[in-house]
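Structure first, then comments.
The values are calculated or read from the model by the stated rules, or taken from the named source; none is laboratory data. Computed from a predicted structure; not experimentally measured. Methodologically, a virtual Cβ is constructed for each residue, glycine included, from the backbone with ideal geometry; neighbour enumeration extends over all protein chains shown.
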Amino acid sequence: MIKKQHIAVLLGGVLLGCGGSSGFNSGFPDPPATKVDYPTGPGIDGGSTLRTYKAGDTWIYNVSGTMLREEYDDQAKLKTKNSGPVTGKLIRQVSAITFQGAPALKFTDALTYAINGGLTTVEILEHYARQEASGDLTMLGRRDNNTDCGNATKVWLPASFVAGSNRGGVANFTGLGTYRDSNGILRTYDDSLNTSTAMSVTAQQSVPSTSGAPFTTWRAVYAERFANDFAAATRVVRSSEFIGPSYKLKSVEEISAVDDWAASLGAPIQRGYQTTRTDTIVDKSTIDTTTGVVTFEVHLEKRMLDLRMVLASRTLQ
């Protein structure tokens, strides 16, 4: 009889789990042979001062690259794998919002892509931010595919791009919103998210454009890591609607990018972007009503993207 990988939770206690490594060494497929895509130009001198963002600012990128998906069984052994070339678009847009009772900006990244020309996948990532009087952009919160996490303060983007400068830090976010359980009771999010960012500006870069006149940019190396722990055990005890398969128990994502920034446009002209996300998915949940222990049987799903993003158009207010 196969012993299921399980996670048992006693509220107010310690999260326990067991699992293992499959030892499978995965790799991306070779990217498709396509002509080099240049940013839509004429190029500009992107300057060194970060744009003052306004609601309605929009940047659209052409996206190409490769994708790898893997699914692991309850013993953490590789069960399925598929990969292929990716094409799509990324739209980043700024909107004005109220965050924690104060004016703020929301940066929405909508990545739409298809694998091997198949069905379209849409992924949404939102950052909540405030632009300081200094011009620095401070991250206030983060929302990944409709999971609210936020209320922390750290410098996200620098007011001035200078070779050798570094920005970033570590923040622990807590829930932003509310939901109603199956009994109609209004609940607050209990989810927590630990995130870290790092941005290192190196030297100026000249990037060719479609018109031949180059963009003058700053090369910046960016990294972001976040781990989202969904308060599944608390929700199971509150309401039976959270007992069942396909519930996400935890999500961990690591992002790295090499960006060519036109600071005056408030965005990279092009990005070399890699991301790996591992989701812990519930197969079965049970609760011992006497002890309050919630037990989850889970498997892992991993998605890796290796992308090139090239600015196709922009609308700045």
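Observations, loosely collected:
- Residue ID - surrounded by the most Cβ atoms within 10 Å (Cβ to Cβ), chosen from residues in segment 132-148 that are at pLDDT 85 or above and outside any strand (DSSP E or B): Asp136
- Residue count for segment 24-41 under the criterion of being loosely packed, with under 12 Cβ neighbours inside 10 Å and at pLDDT 80 or above: the result is 1.
- Scan of segment 80-110 for residues that are more than 29 Å from Trp156 (Cβ to Cβ) and loosely packed, with under 15 Cβ neighbours inside 10 Å, ordered by number: Thr80, Lys81, Asn82
- Residue in segment 200-220 that is over 30 Å from Ser48 (Cβ atoms), in contact (Cβ under 8 Å) with a residue 24 or more places away in the chain, touching a strand residue (DSSP E or B) at 6+ places or on another chain (Cβ under 9 Å) and not hydroxyl-bearing (Ser, Thr, Tyr) present: no
- Some residue of segment 170-178 being hydroxyl-bearing (Ser, Thr, Tyr), part of a strand (DSSP E or B), at pLDDT below 85 and surrounded by 14 or more Cβ atoms within 10 Å (Cβ to Cβ): yes
- Scanning segment 180-212 for residues that are assigned to a strand (DSSP E or B) and of a type in the set (Val, Ile, Thr) gives Thr188, Thr195, Thr197, Val201, Thr202, Val207.
- Within segment 111-123, if we keep just the residues that are of a type in the set (A, V, I, L, M, F, W, C) and surrounded by 14 or more Cβ atoms within 10 Å (Cβ to Cβ), the residue that is nearest to Met309 (Cα to Cα) turns out to be Leu111.
- Taking (1) more than 30 Å from Thr202 (Cβ to Cβ); (2) in contact with a Lys or Arg (Cβ under 8 Å, 6 or more places away or on another chain) in turn, Arg277 satisfies each apart from (1).
- The residues of segment 35-73 that are touching a Lys or Arg at 6+ places or on another chain (Cβ under 8 Å) and of a type outside the set (D, E, K, R), listed by number, are Thr58, Trp59, Ile60, Tyr61, Asn62, Val63, Ser64, Gly65, Met67, Leu68, Tyr72.
- Annotation note: of Lys81, Lys77, the sole residue that is out of contact with any strand residue (DSSP E or B) (no Cβ under 9 Å at 6 or more places or on another chain) and more than 22 Å from Ser209 (Cα to Cα) is Lys77.
- Single condition Arg225 does not satisfy, out of (1) in contact (Cβ under 8 Å) with a residue 60 or more places away in the chain; (2) touching a Ser or Thr at 6+ places or on another chain (Cβ under 9 Å): (1)
- Of the criteria (1) surrounded by 15 or more Cβ atoms within 10 Å (Cβ to Cβ); (2) modelled with pLDDT of 80 or more; (3) polar (S, T, N, Q), which one Thr234 fails: (2)
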